[in-house]
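The values are calculated or read from the model by the stated rules, or taken from the named source; none is laboratory data. Computed from a predicted structure; not experimentally measured. Neighbour counts run over all protein chains shown; Cβ positions are idealised from the backbone, glycine included. For the accessible areas, the whole protein counts, side chains as well, though only heavy atoms, and no ligand, DNA or RNA atoms are used. Shrake-Rupley method; radii C 1.70, N 1.55, O 1.52, S 1.80 Å.
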Amino acid sequence: MSEITCVRRIAARPSTVFDALTTPEGMASWWCPDDGPVLSAASDVKVGGRFRVRFRKVNGSEHECAGEFLEIEEPRRIVMSYEWTFGGVPEERERVSRVELRLRLIDTGTELTVIHAGLYNEASARNHSAGWGAALDKLVRRFAASSSPHPE
């Protein structure tokens, strides 16, 4: 099994980034790894609650992932199960992996670390690293034009 880690610095407070990671409106603004749209997003942010995001990439392919919130420490940490329910990486279909999101207050806003563990193999890890990286870059751009963050 393989694991990837992506780190981004976001010009927003951890509570604001937490909302972007967990609310349907927030998830819809960044989840797709390219300029394609998020078609639907649903989230019940509590331990045992579920999330689901469906998006269409620019090439027309549709993908949907879903999972369960396993741990929540608002606004510092989220752990969730993760599985492709439609599309996605073929090796990962019908497999459940684990995503941990860590948010740390820094002078310029939030340092977000995404750790996706339990991936099938290195090829799957590379695909997920590229996907998370591109989607997180959209999240960074979303807040880049905002005013400077205020510490919590």
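Placing unit charges on C-beta atoms (Lys and Arg positive, Asp and Glu negative, everything else neutral), compute the dipole magnitude of segment 55-152 about its Cα centre in debye, rounded to 20.
Roughly 340 debye, rounded to the nearest 20.
If I fit a long axis through the Cα atoms of helix 122-144 and take the longest principal axis of the Cα atoms of the chain, what angle between them do I get, 0 to 90°, rounded to 10?
30 degrees
In whole angstrom, note down how far apart the Cα centers of segment 72-124 and segment 50-65 are.
Spelled out, the Cα-based centre of one part sits 16 Å from the other.
Would you mind counting up the charge near residue 137? Only other residues with Cβ under 13 Å from its Cβ, with Lys and Arg at +1 and Asp and Glu at -1.
Residues close to residue 137 contribute a combined charge of +3.
Just the accessible area per residue of segment 78-152, please: how many Å² with a 1.4 Å probe?
On a per-residue basis, segment 78-152 sits at 49 Å².
Of 139, 78, 117, which is farthest along the charge dipole of the chain in the positive direction, counting Lys and Arg as +1 and Asp and Glu as -1 at C-beta?
So the residue we want is 139.
Run the dipole for segment 1-53 about the Cα centre, Lys and Arg Cβ at +1, Asp and Glu Cβ at -1, nothing else charged, and hand back the magnitude in debye, nearest 20.
Dipole of segment 1-53, to the nearest 20 debye: 200 debye.
Which value in Å is the Kirkwood Rh of segment 9-152 over different Cα pairs?
So the Kirkwood estimate lands at 15.3 Å.
Using only the alpha-carbon atoms of segment 1-93, report the extent along each of the three principal axes, biggest first, to the nearest angstrom.
Cα extents, longest axis first: 34, 28, 25 Å.
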